[in-house]
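Take a look at the structure below.
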Amino acid sequence: MTQAGKTLIELRGVAKTYQGVEVLHAVDLSLRDGEFMTVVGPSGSGKTTVLRLIGGLIHPSKGAILLDGADISAMPINRRPFNTVFQDYALFPHMTVAANVGYGLRVRGEPRATIRARVDETLRLVALEAFAERYPSQLSGGQQQRVALARAIICTPRLVLLDEPLGALDAELRRQMQRFLKRLQKEIRTTFLFVTHDQEEAVTMADRICVMNHGRIEQVGTPEEVYYRPASEYVARFFGDNNLIDVTVGGSAAGARALASAFGTFACAVAGRGALADAADGQPGKLLVRPEAITLGEAAAVYPNRARVRVEEVSFVGPVSQIRVRPLGAPDQPIMVKVASRSGGLPVAEGGETEIGFSERECHVVTA
Ligand code: ADP
Ligand code: MG
């Protein structure tokens, strides 16, 4: 019996060097038993390298990889209780779906009756029970992907590694497969480590997200943490639109810290933001406010953080409207505001003057 949330895999100072070039710089990462973790970052940031190191296809140049607390850095790939799903499916074309899925159990020398029962059960899990006797070439891309998944989970691995498994699917099928994968993972309670370069996919699928950049881990956290409490400017910019305002950290009062900007002093709540509570007076930083957290016009009056602005541009983009404003006190620092669209139009006009307001709880600060 595994205890939910206990550490399954740990990377301790794991680095990887190719031909004298370090592409992964001493990363520390803990993967909890039963969680769905996504690894996201731009191309070349080291996502596949992390996956291959854990899978055992490559070995660390420095550091150690632990499974249940024991060092497995030198354990050969076939002895690791993990399985990998690749983007190109890698199915055996000359074998039926049932033979593909049962392959791992046959290699292990399981009895035929056991294999048949497990194959039936696993095909039901991926909703392919009617396709057992087909060949891969007779299946759609999404169905082939589910065969690859079934093959990966049939041997009840401790961890399933998925490297951009949905990259070859069109948008609608991709969304279907995202929901399907997530449900399947909760049903079989197996730890998934899922690599993607798509930030929206990373956010919608994860229990926790690992954000990578240039061979380093920028942050590991829940989708809400990386979105609302980014650890760095990079993470703040990576997930959706954000306003980053230059500020200097000042004194604290009533559970908030004062932040001086070129167009006014704003208050940011410190609860849950340890770095801000500890920041020295006078330290420079960036104040982050999401565009959807800003209120415009008369309704802004209820907020402690306010500024007079000129409306530069109003763009209707369907369900939301984007409004770019420039503070009168700092016209060089444009602010993006997003509001729900209304059929009668918005109470702001391009070229007009208005007020913006935002709550101290909607603020976050990153310091250099
Ligand atoms: P990602 O999956 O995030 O796109 P990778 O982990 O594949 O990134 O690659 C990280 C870096 O390591 C890249 O700069 C890539 O060129 C380099 N790299 C990956 N594999 C090799 C290899 N076998 N030999 C040399 N360099 C490699
Ligand atoms: Mg990759």
Being within 9 Å of ligand 1 (Cβ to nearest atom) and buried (at least 19 other Cβ atoms within 10 Å of the Cβ) is the filter here, so list the residues in the stretch 1-25 that pass it.
Lys16, Leu24
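Which of the residues that make up the stretch 249-263 are part of a strand (DSSP E or B), touching a Leu at 6+ places or on another chain (Cβ under 8 Å) and touching a residue at least 60 places away in the same chain (Cβ under 8 Å)? Reasoning before the result, please.
Let us first name the residues in the stretch 249-263 that are part of a strand (DSSP E or B), namely 249-253, 256-261.
Then keep just the ones that are touching a Leu at 6+ places or on another chain (Cβ under 8 Å); that gives 249-250, 257, 259, 261.
Listed by number, the residues that qualify are Val249, Arg257, Leu259, Ser261.
I want to confirm something. Restricting to the stretch 157-208 and keeping residues that are among the polar types (S, T, N, Q) and more than 16 Å from ligand 1 (Cβ to nearest atom), which single residue is nearest to the chain's Cα centre (by Cα)?
Looking only at the stretch 157-208, we keep the residues that are among the polar types (S, T, N, Q), and these are 176, 178, 185, 190-191, 196, 199, 204.
Pick out the ones that are also more than 16 Å from ligand 1 (Cβ to nearest atom) and you get 176, 178, 185, 190-191, 204.
Details: Gln176: 18, Gln178: 13, Gln185: 16, Thr190: 18, Thr191: 15, Thr204: 8 Å.
Out of the qualifying residues, it is Thr204.
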Out of all the residues in the stretch 334-344, which are part of a loop (DSSP other than H, G, I, E, B) and closer than 9 Å to Ser321 by Cβ?
Ser341, Arg342
Ala300 being buried (at least 16 other Cβ atoms within 10 Å of the Cβ), touching an Asp or Glu at 6+ places or on another chain (Cβ under 9 Å) and not in a strand (DSSP E or B)
yes
Inspect all residues belonging to the stretch 3-16 and state whether any of them is more than 24 Å from Tyr227 (Cα to Cα), more than 14 Å from ligand 2 (Cβ to nearest atom), out of contact with any strand residue (DSSP E or B) (no Cβ under 9 Å at 6 or more places or on another chain) and modelled with pLDDT under 95.
yes
Any residue that is within 16 Å of ligand 2 (Cβ to nearest atom), buried (at least 20 other Cβ atoms within 10 Å of the Cβ) and more than 21 Å from the chain's Cα centre (by Cα) - is there at least one of those in the stretch 42-59?
no
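Could you pull out the residue among Asp28, Asp68, Asp88 that is within 16 Å of ligand 1 (Cβ to nearest atom), surrounded by fewer than 17 Cβ atoms within 10 Å (Cβ to Cβ), among the acidic types (Asp, Glu) and touching a residue at least 24 places away in the same chain (Cβ under 8 Å)? Steps first, please.
On the way: Asp28 fails: within 16 Å of ligand 1 (Cβ to nearest atom); Asp68 fails: within 16 Å of ligand 1 (Cβ to nearest atom).
The unique qualifying residue is Asp88.
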Odd one out for Ala271 among (1) of a type outside the set (Ser, Thr, Tyr); (2) part of a strand (DSSP E or B); (3) out of contact with any Leu (no Cβ under 9 Å at 6 or more places or on another chain):
(2)
Kindly indicate the residue of the stretch 93-114 that is within 13 Å of Thr156 (Cα to Cα) and at pLDDT 95 or above and also surrounded by the most Cβ atoms within 10 Å (Cβ to Cβ) among those meeting that condition.
Val101
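The values are calculated or read from the model by the stated rules, or taken from the named source; none is laboratory data. Quantities reported herein were computed from a predicted structural model and do not represent experimental measurements. So basically every Cβ, Gly included, is an ideal-geometry build from the backbone, and we count neighbours across all protein chains shown.
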